[in-house]
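Chemist: This is the structure I want to talk about, given as structure tokens.
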Amino acid sequence: MKRVLILVARAWQVGPSRVLPPTCRYAPSCSEYAIEALGKHGAIKGGWMAFKRIMRCHPWGGHGYDPVP
Amino acid sequence: MDNQRNLLLAVVLCGLLLFGWDAGMNYFYPQPKEPVPAEAAAGAPGDSPAAPAKPTREGGLTDPAAIALEERDLETALKSPERVRIDAPELAGSIDLVGARIDDLTLRDHRQTVERDSGPVRLFSPAGTPAQHFAQFGWLGEGVAVPDAKTVWTAEGGPLAPGKPVKLSWNNRSGQVFTIDLSIDDDYMISAKQTVGNISGRPIVVRPFATVSRTSATASTSTYTIHSGPIGYFGDGVDFGTDYDDVAEAGKISPDGAARWIGFTDIYWLSALIPQGTTEVDADFRSLGGGVFRADAIYDPLTVPNGRAISRTTQLFAGAKDADLLGDYEDTGIAGFQNAIDWGWFGVIEKPIHWLLNQLYNLVHNFGVAIILLTVIVRVFMFPIAQKQFASMAAMRAIQPKMKAIQERYKDDKPRQQQEIMALYKSEGVNPLAGCLPILLQIPIFFGLYKVLMLSIDMRHKPFALWIHDLSAPDPAHILNLFGLLPFTPPSFLAIGPLAVLLGISMWATFRLNPPAADPVQAQMFKIMPWILMFVMAPFAAGLLIYWITNNLLTLAQQSYLYSKHPQLRAQAIKDKEDREREAKREAKAKS
């Protein structure tokens, strides 16, 4: 499960993310954050953290340096 | 020089993809060049058709010889006096009294082609015809003379219409009377109440059954996203995973879990058996050879004591997969019937899109206009995002001097520079970037619309304007043969129509709005992307292209509106662009 989710994030990085205009408000980017969180905290907790991160990645959300806890 | 090499590489790669795809598909999935018409045409009626032709999006026979044979077979088969007519609001056809088969059904409200005067879609066709597809009701029994495929039944009543049932009966002359009470509703549902009465003086054991048989020659294309083939509700959900090939290979497949309905589906049509209530049935798919398949629903053995009669009622759905109608049937207790439409993972988004599109269609009576309105609605919801972005861009101007200072200071340490800029954004509370959520939100909407356009019977053969007569099909006009003036059909990968070109141009225009990427490879990619997508998207449903073009135009309109509200940003953008061009020129000069 963890691997699958990391694969999804990787696929996003090498696919759509390459060709879309830059949008990252955060550092690290959502996909980097997701990969790190999944690696550190596993599929369920890491996945939830990544989901929450994506959910705040919009014009009213936060921005700046926001590493995986 | 470096840039040019990258550009060249990208162009070559795109070319390889475009041409290689076709070549690769032909290599890995070779199609027989041309079906052999003479042989099939010569075959006696009742022969199964020659090699299965390549399935089409909508399904139906494609081989001209098979079509001709089908026509002749139908004429002879339907002439038989032993038939009872079916005359319902949506269904027309007949019941064959030999074998008690429902094997002749056409859909009154759906045409074969986009032409209004083309014949109605034929769903059921008698056994042995090239397009065979039929339902049969019967009994299995040991030591009991049960009716078979040659049994000639006696009919009472008819033609079969709503409120006018037909009773088929057969006496086996050894103490049992078999009857099938058929009734039909205003749509696509036929009910068959199978009764066996026993006066033989001893108890008997029989198993009532219902089957749907069909050839896979008429099946629509089954794709990753839209399943065509065996289908049914087993256990706790609809099974989309079984293909004709799987059944052909295994001979017989019995899906796990209690069957609530079982049958075969195409993109737009469904034939399915719904066993009585929650009665247990043995449900399986069988391959009968020659590309013919059968879905069975066999009831558990019934013991009929002397002097008693026992019935089982099976419903047969044979018709178009109209989402609302299937939903109504689901409400009457047919589990998961609306999911006979292969909504897939994004059903949560597709169903509202489908509903909204239908509402808009009822308002304007043109699906193309409805799609455009839908796009506008989606964009209205997204507008605050763009507005917010512009507001922060305006705020950015205020901190421009500080930015410049940071850029100067960490000129040689890019990561550090990036970090400092982020920190500055944070301390000033601005950020010009929208984040990925707005994009991620749009992907399911786009994919959902694609599926709705492909799946929805409401959009089948619905026109927009001018040359677009079917929004669910690709743009019919081809630029390469001058819109049909030249007598050839361009190969699929070059078959771009005016819609695709409009898409390319509008996308190119929206891409120009974005600040160019810092990375030269990426910048080149942005330049070619619209033109690649133009080719990639050309074979998709015209409605989808209309959505995308409208979306691009709205992006352009939104941009110019927001610039007009923030004139200082426009000045800034122009200045930035000039700066960049000057920079690029200088670099080019330095290199040469």
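The values are calculated or read from the model by the stated rules, or taken from the named source; none is laboratory data. All figures in this text were calculated on a predicted structure; none of them were measured in a lab. Cβ: placed from backbone, ideal geometry, glycine included. Neighbour counts: every protein chain shown.
Chemist: Which residue, of B:LYS150, B:LYS167, is charged (D, E, K, R), touching a Gly at 6+ places or on another chain (Cβ under 9 Å) and more than 22 Å from B:SER213 (Cβ to Cβ)?
Modeler: Working: B:LYS150 fails: more than 22 Å from B:SER213 (Cβ to Cβ).
Result: B:LYS167 is the single residue among B:LYS150, B:LYS167 that is charged (D, E, K, R), touching a Gly at 6+ places or on another chain (Cβ under 9 Å) and more than 22 Å from B:SER213 (Cβ to Cβ).
Chemist: Name the residues in the range B:114-144 that are within 28 Å of B:ASP300 (Cα to Cα) and surrounded by fewer than 16 Cβ atoms within 10 Å (Cβ to Cβ), would you?
Modeler: Matches in the range B:114-144: B:LEU140, B:GLU142, B:GLY143.
Chemist: Could we say that B:THR225 is among the β-branched types (Val, Ile, Thr), within 39 Å of the chain's Cα centre (by Cα) and within 29 Å of B:ALA88 (Cβ to Cβ) here? Reasoning before the result, please.
Modeler: Values: among the β-branched types (Val, Ile, Thr): yes; within 39 Å of the chain's Cα centre (by Cα): yes; within 29 Å of B:ALA88 (Cβ to Cβ): no.
So B:THR225 fails the test.
Chemist: Using the structure shown, decide if B:ILE532 is at pLDDT 70 or above, under 22 Å from B:TYR450 (Cα atoms) and in contact with a Cys (Cβ under 7 Å, 6 or more places away or on another chain). Quick ask: steps written out before the conclusion?
Modeler: Working: at pLDDT 70 or above: yes; under 22 Å from B:TYR450 (Cα atoms): yes; in contact with a Cys (Cβ under 7 Å, 6 or more places away or on another chain): yes.
In short, yes.
Chemist: Can you work out which of the residues in the range A:17-69 that are hydroxyl-bearing (Ser, Thr, Tyr) and part of a loop (DSSP other than H, G, I, E, B) is farthest from the other protein chains (Cβ to nearest Cβ)?
Modeler: To start, the set of residues in the range A:17-69 that are hydroxyl-bearing (Ser, Thr, Tyr) comprises A:17, A:23, A:26, A:29, A:31, A:33, A:65.
Within this subset, residues satisfying the condition of being part of a loop (DSSP other than H, G, I, E, B) are A:23, A:29.
On the way: A:THR23: 5, A:SER29: 8 Å.
So the residue we want is A:SER29.
Chemist: Would it be correct to say that A:VAL8 is aliphatic (A, V, I, L, M), away from chain B (no Cβ under 11 Å) and in a loop (DSSP other than H, G, I, E, B)?
Modeler: Working: aliphatic (A, V, I, L, M): yes; away from chain B (no Cβ under 11 Å): yes; in a loop (DSSP other than H, G, I, E, B): no.
No.
Chemist: What do you reckon, is B:ASP576 at pLDDT below 75 and more than 14 Å from every other protein chain (Cβ to nearest Cβ)? Let's see the steps before the verdict.
Modeler: Numbers: at pLDDT below 75: yes; more than 14 Å from every other protein chain (Cβ to nearest Cβ): yes.
Considered against the rule, which asks whether it is at pLDDT below 75 and more than 14 Å from every other protein chain (Cβ to nearest Cβ), B:ASP576 comes out as yes.
Chemist: Regarding B:MET382, is this residue over 36 Å from the mean Cα position of the chain (by Cα), of a type in the set (A, V, I, L, M, F, W, C), more than 10 Å from chain A (Cβ to nearest Cβ) and part of a helix (DSSP H, G or I)?
Modeler: Working: over 36 Å from the mean Cα position of the chain (by Cα): no; of a type in the set (A, V, I, L, M, F, W, C): yes; more than 10 Å from chain A (Cβ to nearest Cβ): yes; part of a helix (DSSP H, G or I): yes.
When the stated conditions are applied, B:MET382 does not pass them.
Chemist: Also, I was wondering about something else. Assuming B:ASN362 fulfils every condition listed in (1) modelled with pLDDT under 85; (2) surrounded by fewer than 19 Cβ atoms within 10 Å (Cβ to Cβ) apart from one, which condition is it?
Modeler: Of (1) modelled with pLDDT under 85; (2) surrounded by fewer than 19 Cβ atoms within 10 Å (Cβ to Cβ), only one is false for B:ASN362: (1).
Chemist: Moving on. Have a look at B:GLY197, B:GLY138, B:GLY158 and point out the one that is at pLDDT below 85 and in the same structural domain as B:ASP96 (by TED's automatic domain parsing).
Modeler: Values: B:GLY197 fails: at pLDDT below 85; B:GLY138 fails: at pLDDT below 85.
Criteria check complete, one pass: B:GLY158.
Chemist: Next question. Looking only at the range B:55-81, how many residues end up being on the phi < 0 side of the Ramachandran plot and not in a helix (DSSP H, G or I)?
Modeler: Here is the first cut: in the range B:55-81, the residues on the phi < 0 side of the Ramachandran plot are B:55-58, B:61-81.
Checking the rest, the ones that are also not in a helix (DSSP H, G or I) come to B:55-58, B:61-63, B:80-81.
Number of matching residues: 9.
Chemist: Follow-up. Could you list, in sequence order, all residues of the range A:13-48 that are hydrophobic (A, V, I, L, M, F, W, C), modelled with pLDDT of 80 or more and crowded, with 19+ Cβ neighbours inside 10 Å? Give the derivation first.
Modeler: So the first thing to find is which residues in the range A:13-48 are hydrophobic (A, V, I, L, M, F, W, C), and the list is A:14, A:19-20, A:24, A:27, A:30, A:34-35, A:37-38, A:43-44, A:48.
Checking the rest, the ones that are also modelled with pLDDT of 80 or more come to A:30, A:34-35, A:37-38, A:43-44, A:48.
Selection gives A:CYS30, A:ALA34, A:ILE35, A:ALA37, A:LEU38.
Chemist: For the range B:325-336, name all the residues that are at pLDDT 85 or above and not aliphatic (A, V, I, L, M). If you could, list the steps in order and put the result at the bottom.
Modeler: First, the residues of the range B:325-336 that are at pLDDT 85 or above: B:325-332.
Within the range B:325-336, B:GLY327, B:ASP328, B:TYR329, B:GLU330, B:ASP331, B:THR332 qualify.
Chemist: Can you tell which of B:LEU273, B:LEU288 is at pLDDT 90 or above and closer than 30 Å to B:GLY251 by Cβ?
Modeler: Details: B:LEU288 fails: at pLDDT 90 or above.
Going through B:LEU273, B:LEU288 in turn, just one is at pLDDT 90 or above and closer than 30 Å to B:GLY251 by Cβ: B:LEU273.
Chemist: Going by the structure shown, is B:GLU71 over 30 Å from the mean Cα position of the chain (by Cα) and farther than 30 Å from B:ARG312 by Cβ?
Modeler: In short, no.
Chemist: Can you list the strands (runs of 3 or more DSSP E) found entirely within the range B:133-188 that contain at least 2 residues being of a type in the set (A, V, I, L, M, F, W, C) and on the phi < 0 side of the Ramachandran plot?
Modeler: Those strands (runs of 3 or more DSSP E) span B:133-141, B:166-171, B:176-184.
Chemist: Something else about it: Looking at B:ARG308 and the list (1) under 21 Å from B:ARG108 (Cβ atoms); (2) among the charged types (D, E, K, R); (3) surrounded by fewer than 16 Cβ atoms within 10 Å (Cβ to Cβ), which single condition is not satisfied?
Modeler: (1)
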